[in-house]
Amino acid sequence: MEPTQYCEDKVAPRGSSLYYSCLFESQPKREAYWAVYAFCREIRDIYYECHEPDIAKRKLEWWRGEIEAIFKGASRHPVGQALQQPLAHHQLPQQLFIEYLDGLQLKLDMDHCCSEQDWQLFSYREQGIPHILAGYIGGYSEPATIKLIHNLGLVINRVMMILELRRDALKGKVFFPLAAMERVGVSPNDFADLTMTPALITLLTEFADQARGEYRDNVAKMNKIDRKQQRQSIIFAGLLLKLLDVVQADGFPVFEQQVQLTPLRKLWYAWRLRSQ
């Protein structure tokens, strides 16, 4: 399979949120986004699909070697091959790819976040880095925009932590800051029962409200030129927040079912978000 097609199939099939967030971009930019997000998905899949720590560690080490090969133009993997054009055209920093692997190692090693500082580091590596890389692809007129895109990555991480609560709980992982949990009377052990309690609803509501506020604030701080250039991340985060609205309105049934927006609703929301 051709490398670009491999990446598209992996992260942006028709009807997906990433598909619609890239819909208004040129073909070269779409392919660059697909390659970056496909790299991140390959790494993320190690966490969810490897149940033996030793196997996960070996895969992680293989990807460390592959990053070296990617930046030497000698990749053996279709994602690495698809990354060659984006690396050449957008000067994507090698260090960010390495740090993303470090984020997976952190995720494998930790059972829960111990402090707000831990959560910030976890979120930066989990979703900040992918969207910083996307920010380089989109382009910007002001250097401060990259920080704003990083912040949108943290917004996305807040939403994904809610949507993937069941998957993380089944692995015995809780990534909410302890201070936030203690404030509403939630302990890490409460997630193991896979039961939504009033205290958990309060925690998730706080996280959801913070995500919406941070999204509005950071998009508003971008100048008009950069909002257009960064619309892929803006639309992607916006679509996740629309999904979060539905999940929250249903009482956060994240332990019981996976809620999705229909493709038609995604298209409608993406069309509206593109003109922000």
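The values are calculated or read from the model by the stated rules, or taken from the named source; none is laboratory data. The structure presented is a predicted model; accordingly, all values stated were derived computationally and were not measured. Cβ sites come from the backbone with ideal geometry, for glycine too, and all protein chains shown count toward neighbours.
General remarks:
- Cys114 satisfies every condition listed in (1) more than 29 Å from Asp168 (Cα to Cα); (2) touching a helix residue (DSSP H, G or I) at 6+ places or on another chain (Cβ under 8 Å) except (1).
- Elements of type helices (runs of 4 or more DSSP H) in segment 1-80, at least 3 residues being surrounded by 18 or more Cβ atoms within 10 Å (Cβ to Cβ) and among the β-branched types (Val, Ile, Thr): 27-49
- Residues (of a type in the set (Val, Ile, Thr) and outside any loop (DSSP other than H, G, I, E, B)) located in segment 231-276: Ile234, Ile235, Val246, Val247
- Considering Gln127, Gln81, Gln91, the condition of being out of contact with any helix residue (DSSP H, G or I) (no Cβ under 6 Å at 6 or more places or on another chain) and of a type outside the set (A, V, I, L, M) is satisfied by Gln91 alone.
- Only one of the numbered conditions (1) closer than 30 Å to Leu170 by Cα; (2) touching a residue at least 24 places away in the same chain (Cβ under 8 Å) is violated by Ile67, and that is (1).
To keep it simple, each residue is scored yes or no on (1) under 19 Å from Ser233 (Cβ atoms); (2) within 15 Å of the chain's Cα centre (by Cα); (3) basic (Lys, Arg).
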position	(1), (2), (3)
Pro3	no, no, no
Glu8	yes, no, no
Lys29	yes, no, yes
Tyr47	no, yes, no
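- Some residue of segment 103-110 being farther than 18 Å from Pro130 by Cβ, touching an Asp or Glu at 6+ places or on another chain (Cβ under 9 Å) and outside any helix (DSSP H, G or I): yes
- When Arg76, Arg30, Arg14, Arg64 are screened for being among the basic types (Lys, Arg) and in contact with a Cys (Cβ under 6 Å, 6 or more places away or on another chain), only Arg30 passes.
- Among residues of segment 195-205, those that are in contact with a helix residue (DSSP H, G or I) (Cβ under 7 Å, 6 or more places away or on another chain), in contact (Cβ under 8 Å) with a residue 12 or more places away in the chain and more than 10 Å from Phe252 (Cβ to Cβ), counted: 2
- Among all positions in segment 137-149, there is at least one residue which is out of contact with any Leu (no Cβ under 9 Å at 6 or more places or on another chain), farther than 27 Å from Gln260 by Cα, of a type in the set (S, T, N, Q) and not in a helix (DSSP H, G or I).
- Here Met161, Met181 are screened, and the one residue that is buried (at least 18 other Cβ atoms within 10 Å of the Cβ) and over 18 Å from the mean Cα position of the chain (by Cα) is Met181.
- The single condition from (1) basic (Lys, Arg); (2) closer than 22 Å to Cys40 by Cα; (3) touching a helix residue (DSSP H, G or I) at 6+ places or on another chain (Cβ under 6 Å) that Lys242 fails is (2).
- Scanning segment 88-102 for residues that are touching a residue at least 40 places away in the same chain (Cβ under 8 Å), part of a helix (DSSP H, G or I) and among the aliphatic types (A, V, I, L, M) yields a single hit, Leu101.
- Test result for Met181, in contact with a strand residue (DSSP E or B) (Cβ under 9 Å, 6 or more places away or on another chain) and at negative phi: yes
- Exactly one residue among Lys228, Lys224, Lys266 is surrounded by 16 or more Cβ atoms within 10 Å (Cβ to Cβ), under 19 Å from Phe24 (Cβ atoms), more than 18 Å from the chain's Cα centre (by Cα) and not acidic (Asp, Glu), and that residue is Lys228.
For (1) in contact with a Cys (Cβ under 8 Å, 6 or more places away or on another chain); (2) under 20 Å from Asn151 (Cβ atoms); (3) part of a loop (DSSP other than H, G, I, E, B); (4) modelled with pLDDT of 95 or more, each residue gets a yes or a no:
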{"residue": "Asp168", "(1), (2), (3), (4)": "no, no, no, no"}
{"residue": "Ala180", "(1), (2), (3), (4)": "no, yes, no, no"}
{"residue": "Ala192", "(1), (2), (3), (4)": "no, no, no, no"}
{"residue": "Ala199", "(1), (2), (3), (4)": "no, no, no, yes"}
{"residue": "Leu203", "(1), (2), (3), (4)": "no, no, no, yes"}
{"residue": "Asp209", "(1), (2), (3), (4)": "no, yes, no, yes"}
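- Evaluation of Phe176 against (1) farther than 25 Å from Glu25 by Cβ; (2) in a helix (DSSP H, G or I); (3) not small (Gly, Ala, Ser) (one fails), failing number: (2)
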